[in-house]
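Read-outs throughout are calculated quantities, based only on the coordinates presented, and are distinct from any laboratory measurement. Keep in mind that what you see is a predicted model, and the values were worked out from it rather than measured. Cβ sites come from the backbone with ideal geometry, for glycine too, and all protein chains shown count toward neighbours.
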Amino acid sequence: MIEEDEITRTRKHREEFESRVTQLKELGAPQIIIDEEIMISQMTHRGYENYKAQRKKEAKEERKNWIKNNPMRKEVVENIFTWFDNTELSEGDKDGLLCGCGMCLGIIMDPCGYHIGMTKEEFEYDLYRDLIKGLAEKKGPTIDL
């Protein structure tokens, strides 16, 4: 029974990724992305789950090493504190800053803009994430939209 379930999951997995490969080709996606999807489409369901877990572990290790070699910059920390001092947060803004996704942070705070000054790498590796989340939790909403 378990073996049949895995066979069914693998069949479904392969169909899904083969369809994605076709769509990517039609959209003219870069070949490196298409090659990755082709590789994934040839995996078993369980193999793909293991692959995702390994990639997540590698990304976590890469982030840890990057942060170790790239400490926070004083001027960016000061700019973040200044931003929080001068910005009124709605409950939605606070939720966005706490959600942990780069998109919400980018929309609400524009961290790579002139007033904060984070580099693209600092933003992508979430170098200041804990500081921003802590300040957002501490400040709370000051206006209600």
Residue 29 versus residue 7: modelled label distance in nm, points set 7 Å from Cα along the beta carbon direction: 2.9
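Per DSSP H run of at least 4 residues, take -39500 (n - 2.57); add these up for the chain, divide by its residues and hand me the 222 nm value, nearest 500 deg cm²/dmol. If you can, show how the numbers build up before the last one.
Working: 8 runs with 107 residues, N = 145.
Dividing the helical sum by the residues of the chain leaves -23500 deg cm²/dmol.
Using the Cα centre as the reference, give the magnitude of the dipole from point charges on the C-beta atoms of the chain (Lys, Arg: +1; Asp, Glu: -1; all else neutral), rounded to the nearest 20 debye.
Values: 23 positive and 30 negative charges, 92 e Å.
That gives the chain a dipole magnitude of about 440 debye.
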Label assignment, mean projected area of the Cα convex hull in nm² derived from the structure, set (1) 13.3; (2) 12.6; (3) 9.4: (2)
Segment 69-86 - phi-based ³J(HN,Hα) in whole Hz, Karplus 6.51/-1.76/1.60, Gly and Pro as x: 8, 9, x, 4, 9, 4, 5, 6, 4, 4, 5, 5, 4, 4, 4, 5, 5, 9
Number of Lys pairs (Cα under 21 Å; 8 or more positions apart or on different chains) in the chain: 24
Prolate/oblate/rounded call for segment 2-69, Cα gyration tensor, a/c under 1.5 rounded: oblate
